[in-house]
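> Below is a structure I'd like to ask you about.
The values are calculated or read from the model by the stated rules, or taken from the named source; none is laboratory data. Source: prediction; values computed, not measured. Ideal geometry is used to build each Cβ from the backbone, glycine not excepted, and the neighbour counts take in all protein chains shown. To get the accessible areas, we keep the full protein, side chains included, count just its heavy atoms, and leave off ligands, DNA and RNA. Shrake-Rupley method; radii C 1.70, N 1.55, O 1.52, S 1.80 Å.
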Amino acid sequence: ALSVKDEYLPSYAPSNFVRDTYTYQSGLVHFLVNSAYVRPAQLKTPGYKALCDFVKMAVKDTSLVITGVEFIGHASPEGEATLNENLSIDRAKAVEKYFEKVIEKAQVAGWGNSGFYTEKGEGADWDGFFELLANSSIDDKEMIKRTLDGEPLLSTKEKTLQSLESTYGDIHDKILPELRRTEIR
């Protein structure tokens, strides 16, 4: 005979259901030394164009909602700290002026609301410098890193970088230009 217990107890199992998934698309705009001027060529790069295309697509796709745009300005670390702080925020604001037009033209919902756009300046990007240096083909990269890490004061570290920049062309030509940017998210 089969015995069945006559009790009804609910059982619960965790669900993996997620109502909203947050993600972001990003693009970069690069700058010349000590400049916050957005060069027209930077608005034609594949990354910037892809971001503009994403905005247009998101307006048509009802499953995507753009909730805001963030502009994060950076500077290369060879300049003075206060100058880099101001320059990085100026770069973020300069890119914002151009990208606001893209958002407005696409008629993104909420584009005129307070807080839709945020900009911030990150100042000198030392972390980015060391990452690019580590991934570079410069023969003396370990010595350069030790030399810069050994400087206790930021002002002396900046001067040391300036002297290294004149010695190593790859620092001047390949690493530092990549750090002069604004990221659009």
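> Give the long-range amide H neighbours of Gly123: residues separated by 5 or more places, or on another chain, with amide H under 5 Å away, using H modelled in the peptide plane at 1.01 Å from N.
Here the answer is Ala75, Ser88, Ile89, since their amide H atoms fall under 5 Å of that of Gly123.
> Follow-up. Hey, what angle do you get for helix 46-60 against the long axis of the chain, alpha-carbon based, 0 to 90 degrees rounded to 10?
Tilt relative to the chain: about 30 degrees.
> Based only on Cα atoms, what Rg/Rh ratio does segment 92-185 have, Rh being taken as Kirkwood's radius?
1.15
> Evaluate E = 1/(1 + (r/R0)^6) for Lys93 and Gln162, where r is the Cβ-Cβ distance and R0 equals 35 Å; express this FRET efficiency to the nearest 0.05.
0.85
> Turning to a different aspect of this structure: When the Karplus curve 6.51 cos²θ - 1.76 cosθ + 1.60 is applied with θ = phi - 60°, which whole-Hz ³J(HN,Hα) does each residue of segment 92-108 get, with x for Gly and Pro?
Using θ = phi - 60°, the values come out as 4, 5, 5, 5, 4, 4, 6, 6, 4, 5, 5, 5, 5, 4, 6, 6, 5 Hz.
> What lysines sit close enough to Lys49 to cross-link, taking a C-alpha to C-alpha distance under 18 Å and skipping anything fewer than 8 places away on the same chain?
Lys60, Lys97, Lys101, Lys105
> Label the chain by shape, choosing from rounded, prolate and oblate, from the square roots a ≥ b ≥ c of the eigenvalues of the Cα gyration tensor; if a/c is under 1.5 it is rounded, and otherwise prolate applies when a/b is larger than b/c, oblate when it is not.
Working: a/c = 2.98, a/b = 1.63, b/c = 1.82.
Cα axes put the chain in the oblate bin.
> Could you give the length gained by full extension between Asp20 and Glu80, i.e. 0.36 nm per residue of separation minus their alpha carbon distance, to one decimal place?
Values: separation 60, 0.36 × 60 = 21.60 nm, distance 4.28 nm.
Gain in length upon complete extension: 17.3 nm.
> State, to one decimal in nm, how far the label point of Ala134 lies from the label point of Glu104, with both points 7 Å from Cα in the Cβ direction.
Modelled inter-label distance: 4.2 nm.
> Let me ask something else about it. Quickly work out the Lys49-to-Thr67 label distance, labels modelled 7 Å from Cα along the C-beta direction, and quote it in nm with one decimal.
3.1 nm
> In a shell of Cβ-Cβ distance under 14 Å around Leu51, excluding Leu51 itself, what net charge do Lys and Arg (+1) and Asp and Glu (-1) give? Numbers along the way, then the final one.
Values: positive: Lys44, Lys49, Lys56, Lys101, Lys105, Arg181, Arg185; negative: Asp53, Glu70, Glu96, Glu100, Glu183.
That sum, taken over residues with Cβ under 14 Å, equals +2.
> On a 0 to 90° scale, report how tilted helix 154-167 is relative to the longest principal axis of the chain, with both axes built from alpha carbons and the result rounded to the nearest 10.
Orientation of helix 154-167: about 70 degrees from the principal axis.
> Also, quick follow-up: Would you mind telling me the share, in percent, of accessible area of the chain contributed by carbon and sulfur at probe 1.4 angstrom? It would help to have the intermediate numbers written out before the result.
Numbers: 6300 of 12060 Å².
After summing per-atom areas, the C and S share lands at 52 percent.
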